[in-house]
Each structure stands twice: as structure tokens, then as C-alpha cells.
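Everything on this sheet refers to the single structure shown next.
The values are calculated or read from the model by the stated rules, or taken from the named source; none is laboratory data. Remember, it's a predicted structure, so these values are computed and weren't measured experimentally. Counting neighbours? That spans all protein chains shown, and the Cβs are built from the backbone with ideal geometry, glycine included.
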Amino acid sequence: MVPASSALVWFRRDLRAHDHAALHSALAAHGAVHCVFVFDRDILDLLPSRADRRVEFIWESVRELKAALEARGGGLWVVHGRAREEIPRLAARLGVAAVYANRDYEPEAVARDAHVARELERDGMDFRTRKDQVIFERDEVRTRAGGDFSVFTPYRKAWLAKLAPAHVATLRTAAHAARLAPAPQAALPRLEDLGFSRTNLAALGISAGSSGGAGLLTRFRRRIDRYAERRDYPALDSTSFLSIHLRFGTVSIRELVGYAWKHGGAGAQAWLSELIWRDFYFMILARRPDVVEHAFRREFDALRFDGSEAWWQAWCEGRTGYPLVDAAMRQLEQTGAMHNRLRMVAASFLVKDLGIDWRRGERFFAVRLNDYDLAANNGGWQWAASTGCDAQPWFRIFNPVTQSRKFDPQGEFIRRHVPELARVLQPFVHAPWTMDAAARHACGCMPGADYPLPVVDHAEARRRTLARYGAIRGG
């Protein structure tokens, strides 16, 4: 018997029509299922640039999602406004019994959803959320004593012990696709209608939507066996490049985890660990929303940073005089991407070489990263700053030259993003200030003129950092 009631599925950071928890639940429980996406002005109006790659990625993904739903006989309402107002308004207009959405764990999203739930309840409608962004959420993975994990390795062990086939089973939506309700045949608003313009997204080779995510996964499967040994080398085509698709839900985390888990092998297991890190940081944010503004280890809120504004600007602009750091920062500015190893190096350098508050760096990345995700970005920065969830001691300080020699040994990545150093010979490309006169003449690069001298001495910066953290930990 087909249920008589109708529902509205609110798409957010889950822009796909397959293996979708909220859509699956709504189709199973209701006779007619409407779908909606809101270009939320509460988010878009705060973005500092009108040329934002993420907005273009979302727009392209929504266009593909709309076409996919229409191909199944349904449709997608696309609204530009404040989601907290538009969702209750549309739900009332359609006369639905319930609104379905996949859970979001960011504090502002939690507050928005609570507001929407109250508005719907006032009008006699339910707000039903489902788990979709993660495999395990909030308090599903606990210590033996029933507490929260604060270190990744034991969390990973408990996470893997709990994983079962049901957790990665595909949530099929095709069986009840006939219950999808059509939407008005209005054209998708143009980017310009939303107040945004095109970016270099296409020139960077970034394909949005489920089709883009599926293509990347297919290509990554061919090289996953070498992932463990190659993943830390930014010059190599070694990672999945799926992070932006995970961020906006154009791929299913269940599909990715299921593939890595079943594949086996060192490469797949290393990648699975990275996906577990993602769950770990979502858990931390959900359980400890205070980490958005405060150190996870609250004693480190007392750190006193002394870095200068000139150093901050040099870091932002990729002109610190440390080639790997500068290459990473320029890559970020040019493409909106940064390799995970380089995120650690750049973050460590800002906090522990330049003595600048990790929160400033975290917010800088938040504006520029294509795959920006509050949970992962905050967790990564606090890991680098030794204020967060980390089993390693606070006196771990990355040496930017050592990192450069180890993970970009031939200087390929550096030369790609720092053209001033294109002709610098391999022994000197990691530390150009050490070139003698003959080497400078041969490559046509004069440190201090053509490329900056180091803004700080790493050894001296390390001493300052040890003193700064040691003061908090009582020496």
C-alpha cells in the first residue's frame, strides 16, 4: 500500500540522488517526495569574494542533481534566500507531513536546524534528520569506560572493531523513484543571479557533481595500491582528490569506506585511515563545539603569540623564504587546493616558526580551501599547533627544510609553484640562501632580490616556541 502523506527532502551538503540517507527514508515512508535546495544567503552573503570556486562547484552540482531527479520523474525546487525561512515556507506551501535532511554537525548549522524544527513543529510538521556525512557520529564510538576519545589511534581501533557490512550498505533510492514529485520547470538561477561569477574551476580540471566524483574514484582505484608509499609527495599524482566531493556530498562516504575496507592492501588501508580521521574530527566537533574558538586542550588557550604582522603577510603571500612553505601557500591561492602534507607543514610553520595564533591560519584556510570543512580544518590546525587531539608531544616542530628535502626531493613541486626558483639546482632549491656565488650566477637567482631571504631562523624560532609552550606546561 502506498503511503498517502508527502514529504520534503532538503538537500544541503549531500548533492547526489543515490545512496542518500534522507531521500531513502522519505521515499520509503511517503507517497510523494518533493526535493529542495536552498542557496542560503546566511552563508553566501558572508563570503568575502564574489568569485568563489566552492559556490561554482555547488551550482554545477545542483544543476546535475536537478537533472538526475528530473530523469527519474521528479524535480528540484531551487530557492535563493534564508534557509531558516524558506524551508518552513515551502513545506507549508506543499502541505507535507515532514521535512527530511541529513544531519550537519557544525554549530551554526545545528542552530539553524533547531530553528527550522521549531517552525515546522508550530505548523504541525516533523523535522526528521538522518546520518549521512559519516559512518559513525557523535557518541557511536566510545571508550570502554563510555567516554569520548581524545586521541586518534585508539579511536581508529575501536572504529574498525565496530564496522560491519550494514554500515557501508548502499541506501537504494531507485525502488521508490516513482514517488518523486515534480517541481516547477523553472530554470536554475544563474551564478550571476546569486551574485557570483565564474572562476578558474574548469581550467583547474575540477568536475563537479556525482559524475565528477565517480570519475575521480575510478581513476584513484587504478593507483590505490601505491597510495601508502606515495601519498606524502605533493609532486606526485597519488591522492584521490575527492575531498571537495566529500565536502559537498557528491560522493557517498559509505561507498568510499566500503571500497577501501573490502579492497585490502596497504594502500587501501592507509586511505581508510584518512577517512576515519574525518569521522574522528566530526565526532570532536559534535561533542566539543567549543573547539571552534578554543583549544581542545584548554590550557593552551593561555599561549601568548608574538609573531609580527609582516611575518603574517609573508606567510599569506607565499614569500617566507622557505620554498616548500611558499609553494604550498601559492598553490592554495592559485587553485584553492593544498596537499595534506603541506597543510601540516604550512600550519606548523605559521604557529611554531612565526609564533602566530593558529586561529588566524585556520580562518585563512577557511576562506580559500575548495574543500573547506570546519571539523577537519579545525582539527588539522589544532593538531599542527599541538593544542588539539594528538598523542605526540607539543615539542614536535616541523623543520621546513627537512620536510622539503624528504617530500619534494627533486624540488618538482617547488619549481611548479615558485617560478623564481625554476633554475635553482637541486641541492639548493630547498634552502636557496645557502647558494654560493657560482650557483647564484648559474641559475640567475639572487636570494634577497629575486626570492626572499628567510623571514626567521628556524633554530631560533624553535627555541622561542619551546619556551612558549614550556611556560604553559610548567617547563
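Over 19 Å from Tyr105 (Cα atoms) and free of Cβ contacts under 8 Å to residues at least 24 places away in the same chain, is that true of Thr402? Here the answer is yes, as Thr402 does meet what is asked.
How many residues are free of Cβ contacts under 8 Å to residues at least 40 places away in the same chain and closer than 25 Å to Tyr227 by Cα if we restrict to region 344-364? Qualifying residue count for the region: 2. The set of residues in region 92-112 being under 30 Å from Ser273 (Cβ atoms) and assigned to a loop (DSSP other than H, G, I, E, B) consists of Arg103, Asp104, Tyr105, Glu106. Residues that are in contact with an Asp or Glu (Cβ under 8 Å, 6 or more places away or on another chain), among the charged types (D, E, K, R) and without any contact (Cβ under 8 Å) to a residue 40 or more places away in the chain within region 109-127 comprise just one, Asp113.
Report yes if Ser273 is part of a helix (DSSP H, G or I), of a type in the set (Ser, Thr, Tyr) and either in the same structural domain as Val33 (by TED's automatic domain parsing) or within 17 Å of the chain's Cα centre (by Cα) (or both), otherwise no. It would help to see each step written out before you state the result.
Details: part of a helix (DSSP H, G or I): yes; of a type in the set (Ser, Thr, Tyr): yes; either in the same structural domain as Val33 (by TED's automatic domain parsing) or within 17 Å of the chain's Cα centre (by Cα) (or both): yes.
Yes: the conditions hold for Ser273.
Return the total of residues in region 390-404 being surrounded by fewer than 18 Cβ atoms within 10 Å (Cβ to Cβ) and part of a helix (DSSP H, G or I). Here the count works out to 2. Report yes if Leu201 is buried (at least 16 other Cβ atoms within 10 Å of the Cβ) and hydrophobic (A, V, I, L, M, F, W, C), otherwise no. It is true that Leu201 is buried (at least 16 other Cβ atoms within 10 Å of the Cβ) and hydrophobic (A, V, I, L, M, F, W, C).
Taking region 224-242 as the range and being in contact (Cβ under 8 Å) with a residue 40 or more places away in the chain and not aromatic (Phe, Trp, Tyr) as the test, the residues that pass are Ile224, Asp225, Arg226, Ala228, Arg231, Asp232, Pro234, Ala235, Thr239. Among the numbered conditions (1) surrounded by 14 or more Cβ atoms within 10 Å (Cβ to Cβ); (2) without any contact (Cβ under 8 Å) to a residue 60 or more places away in the chain, the only one that Ala161 does not meet is (1). Say whether the condition of being surrounded by fewer than 22 Cβ atoms within 10 Å (Cβ to Cβ), in contact with a His (Cβ under 7 Å, 6 or more places away or on another chain) and within 15 Å of Val455 (Cβ to Cβ) is met by at least one residue in region 342-364. No: zero hits. Among residues of region 146-158 being part of a loop (DSSP other than H, G, I, E, B) and without any contact (Cβ under 8 Å) to a residue 12 or more places away in the chain, the one that is surrounded by the fewest Cβ atoms within 10 Å (Cβ to Cβ) is Gly146. Of all residues in region 261-277, which are crowded, with 17+ Cβ neighbours inside 10 Å and touching a Ser or Thr at 6+ places or on another chain (Cβ under 9 Å)? If the condition is that a residue be crowded, with 17+ Cβ neighbours inside 10 Å and touching a Ser or Thr at 6+ places or on another chain (Cβ under 9 Å), then Trp271 is the only one that fits. Checked against (1) within 11 Å of Pro234 (Cβ to Cβ); (2) crowded, with 24+ Cβ neighbours inside 10 Å; (3) under 21 Å from the mean Cα position of the chain (by Cα), Leu324 meets all criteria but (3).
Yes/no matrix, rows are residues, columns are (1) within 28 Å of Val257 (Cα to Cα); (2) more than 21 Å from the chain's Cα centre (by Cα):
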residue	(1), (2)
Val2	no, yes
Arg13	yes, no
Arg16	yes, no
Ala21	yes, no
Pro48	no, no
Asp52	no, no
Lys66	yes, yes
Gly75	no, yes
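Select the helices (runs of 4 or more DSSP H) contained entirely in region 409-475, then report the ones holding at least 2 residues which are over 18 Å from Ala327 (Cβ atoms).
Numbers: elements: 412-417, 437-443, 458-472.
In region 409-475, 437-443, 458-472 are the helices (runs of 4 or more DSSP H) which contain 2 or more residues that are over 18 Å from Ala327 (Cβ atoms).
Taken over region 243-255, residues that are more than 25 Å from Arg415 (Cβ to Cβ), touching a residue at least 40 places away in the same chain (Cβ under 8 Å) and in a helix (DSSP H, G or I) amount to 7.
Among the residues of region 408-422, is any at pLDDT below 95 and assigned by TED's automatic domain parsing to the domain that holds Phe305? So far as region 408-422 goes, no, none of its residues is at pLDDT below 95 and assigned by TED's automatic domain parsing to the domain that holds Phe305.
With under 19 Å from Asp42 (Cβ atoms) and surrounded by 20 or more Cβ atoms within 10 Å (Cβ to Cβ) as the only criterion, which of Val99, Val110 stands out?
Working: Val110 fails: surrounded by 20 or more Cβ atoms within 10 Å (Cβ to Cβ).
Exactly one of Val99, Val110 is under 19 Å from Asp42 (Cβ atoms) and surrounded by 20 or more Cβ atoms within 10 Å (Cβ to Cβ), namely Val99.
Name every residue in region 183-234 that is out of contact with any Lys or Arg (no Cβ under 9 Å at 6 or more places or on another chain), at pLDDT 95 or above and polar (S, T, N, Q), in order of residue number. Passing the criteria: Ser207, Ser211, Thr218. Within region 199-209, identify whether any single residue is assigned to a loop (DSSP other than H, G, I, E, B) and under 21 Å from Phe37 (Cα atoms), and answer yes or no. Scanning region 199-209, I find at least one residue that is assigned to a loop (DSSP other than H, G, I, E, B) and under 21 Å from Phe37 (Cα atoms), so the answer is yes.
Between Arg118, Arg82, Arg172, which is charged (D, E, K, R), out of contact with any strand residue (DSSP E or B) (no Cβ under 7 Å at 6 or more places or on another chain) and over 20 Å from Arg16 (Cα atoms)?
On the way: Arg82 fails: out of contact with any strand residue (DSSP E or B) (no Cβ under 7 Å at 6 or more places or on another chain); Arg172 fails: over 20 Å from Arg16 (Cα atoms).
Answer to the selection: Arg118.
Gly95 fulfils the conditions (1) at positive phi; (2) free of Cβ contacts under 8 Å to residues at least 40 places away in the same chain except for a single criterion, (2).
Looking across region 113-145, the residues that are assigned to a strand (DSSP E or B) and either surrounded by fewer than 16 Cβ atoms within 10 Å (Cβ to Cβ) or among the β-branched types (Val, Ile, Thr) (or both) come down to Asp126, Thr129.
Any chance you could count how many residues in region 164-182 are surrounded by 15 or more Cβ atoms within 10 Å (Cβ to Cβ) and modelled with pLDDT under 95? The total comes to 3.
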